[in-house]
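So the structure is just underneath, and the comments pick up after that.
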Amino acid sequence: MGATVTSLRVMDQDATADYLKHADDLLRFASAVAGPSAADDLVAAVVVRVLVESDHWRSITDLRGYLMRAVMNEAIDRQRSRARRLRRERNDSPHEGHVSPTATSAPKCSTPSAA
C-alpha cells in the first residue's frame, strides 16, 4: 500500500476521506482483477488520476462504482500495453528456425495438365 499512501499525502482532506471509504473494496477488486502484486500500483494510479489530478470527482454521484470501473480500465490498459510490448519483442528478435514469409517464396505447385 506504499504507492497509495504517497498518493494520500497529496490529496485534500475531502478526497482522502472519500478514498478511504472505498480503499478496501478497491484493493480487493484490483487484486482479483490484476493479482495481489499489482493491486497497490493499480489503485494508486487510479487514485492519482481521479482524485489528485482532477476535481471532477466531486460531481460523481457513485464514486465507488466510478473508481471500480477506473481500476478495471487501468488493468485492461496495462494488459494491452504488456501484450503490445511482447508482440514487439517477438517481432524484433527472430526465433531460431523461423523464416520470414518475405525472405523466401514458397515453391509453386504444378498440376498435371490434362492431355
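This table checks each residue for (1) modelled with pLDDT under 80; (2) part of a helix (DSSP H, G or I).
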site: Leu8; (1), (2): yes, yes
site: Thr16; (1), (2): yes, yes
site: Tyr19; (1), (2): no, yes
site: Arg28; (1), (2): no, yes
site: Val33; (1), (2): no, yes
site: Ala39; (1), (2): no, yes
site: Ser54; (1), (2): yes, no
site: Tyr66; (1), (2): no, yes
* **Candidates Arg78, Arg49, filtered to the one that is farther than 18 Å from Asp14 by Cβ and among the basic types (Lys, Arg)** => Arg78
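The values are calculated or read from the model by the stated rules, or taken from the named source; none is laboratory data. The shown structure was predicted, so the numbers you read here are calculated from the model rather than taken from an experiment. When we count neighbours, we look across all protein chains shown, and the Cβ atoms used for this are built from the backbone with ideal geometry, even at glycine.
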